Amino acid sequence: MDVSVAGRSFMITGANSGIGKAAAIAIAKKGLWVSAGVRGGIIHMVCRNKERAEQAREEVYGETGNKVILKTPPLSRHGNTGLPDAPETDIYVHILDMSLAQKVWEFAETFKKRHRSLNVLINNAGCMVNQREVTAEGLEKNFATNTLGVYILTRSLIPLLEKSSNPRVITVSSGGMLVQKLKTTDLQAENGYFDGTMVYAQNKRQQVVMTERWAKAHRNIHFSCMHPGWADTPAVAMSMPQFHHSMRAKLRTAEQGADTVVWLATSTAAAATPSGLFFQGARGRRGLLTSDREPVPTHLPLAWTRSSPEEEQNFMFQLEEITKSFRPARLTRFSPVSS
């Protein structure tokens, strides 16, 4: 893989386990501390659970041999982190619950103040809650985590990404979205029977639409989304226990699931593809890996799942309206980012 991570920064949400952690390890191995005296890349691991984040931090350290790992990035006298202030730090851990909209806003705004650049954002964190739950902010949990959290984090970090070289945004979606048409009503599944699997699939369709819309609005950022395939991760085991038990021998490893994520985040070839596409993850069972890093259609042949530009614009408008309720007071004059 033709890659260079020297001097580049990567943010990975849901980085404490599964595909997120595998991606963090793979990226870290690709060039942190390229040579003596040469700055490697920086990885920001965004995790919800502090204890699991600490453990993941140690595992990345053990796998890659990075010199210094910090829980939080230091601030310089000028309010920014940079090479003179922290010459040996290359991995940061941030604690954030992606289902809490206001916290996501606050995190993103603080991050922009502390860091001069962000080259790659990997939206990996997600959940599949099978019984309808609402967050402390009153939002349905799947929607809050998989859709609104991704929307707010990406939207808020776009200005920083645009200032950085060769910026990319990769969102880990799912092939389950192929059975869903974008909904413009009942975004939080308040009406009718609640099917957690279908709600999750709808969220993944929403991620694809967001990616396509952002790609058109922000031409200097390379946006992509991808399906990692069914991988043997803690998230799959917890949300789909029967499926995990019966199919475990055939599931991909987390590393196989992360392969296309890492390719999209680091390779020159990925950056040369058109922005806004949907990629299929590398195929293969345990021990076998067949790369098919090619974009695939976001709709099945003759499918009924296509939505109109007006429907997509309506969906994005609704997301923007929902975010207004959770934007911290000091951000009320924050200029909206085109969507």
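Looking at Ala144, Ala125, Ala136, Ala217, can you tell me which residue is farther than 15 Å from Val104 by Cβ, of a type in the set (Gly, Ala, Ser) and at pLDDT 95 or above?
Numbers: Ala144 fails: farther than 15 Å from Val104 by Cβ; Ala125 fails: farther than 15 Å from Val104 by Cβ; Ala136 fails: farther than 15 Å from Val104 by Cβ.
Checking each option against the conditions leaves just Ala217.
Among the residues of the range 187-224, write down those that are without any contact (Cβ under 8 Å) to a residue 40 or more places away in the chain, in a loop (DSSP other than H, G, I, E, B) and within 13 Å of Asn142 (Cβ to Cβ).
Asp195 - this is the single residue of the range 187-224 that is without any contact (Cβ under 8 Å) to a residue 40 or more places away in the chain, in a loop (DSSP other than H, G, I, E, B) and within 13 Å of Asn142 (Cβ to Cβ).
Taking helices (runs of 4 or more DSSP H) that fall entirely within the range 1-114, which contain at least 1 residues that are open to solvent by less than 70 Å² (accessible area, probe 1.4 Å) and modelled with pLDDT under 90?
The qualifying helices (runs of 4 or more DSSP H) are 18-29, 50-64.
Taking into account only those residues within the range 189-211 that are hydrophobic (A, V, I, L, M, F, W, C) and over 14 Å from the mean Cα position of the chain (by Cα), which is most open to solvent (accessible area, probe 1.4 Å)?
Top of the filtered list is Met198.
Considering only the range 272-305, state which residues are modelled with pLDDT under 55 and open to solvent by 50 Å² or more (accessible area, probe 1.4 Å).
Those that are modelled with pLDDT under 55 and open to solvent by 50 Å² or more (accessible area, probe 1.4 Å): Arg285, Arg286, Gly287, Leu288, Leu289, Thr290.
Among the listed residues His227, His222, identify the single one that is at pLDDT 95 or above, farther than 20 Å from Phe315 by Cα and buried (at least 18 other Cβ atoms within 10 Å of the Cβ).
Within the list His227, His222, the selection yields His222.
If you go through the range 174-217, how many residues are over 14 Å from Ser307 (Cα atoms) and either basic (Lys, Arg) or in contact with an Asp or Glu (Cβ under 6 Å, 6 or more places away or on another chain) (or both)?
Selection size over the range 174-217: 4.
Can you say whether Thr171 is assigned to a strand (DSSP E or B), in contact with a Cys (Cβ under 9 Å, 6 or more places away or on another chain) and either touching a residue at least 24 places away in the same chain (Cβ under 8 Å) or closer than 16 Å to His218 by Cα (or both), as far as the supplied structure shows?
yes
The values are calculated or read from the model by the stated rules, or taken from the named source; none is laboratory data. These figures come from a predicted structure and were not determined experimentally. Note that each Cβ is placed from the backbone with ideal geometry, even for glycine, and that neighbours are counted across all protein chains shown. Note: areas computed on protein heavy atoms with side chains; ligands, DNA, RNA excluded. Shrake-Rupley method; radii C 1.70, N 1.55, O 1.52, S 1.80 Å.
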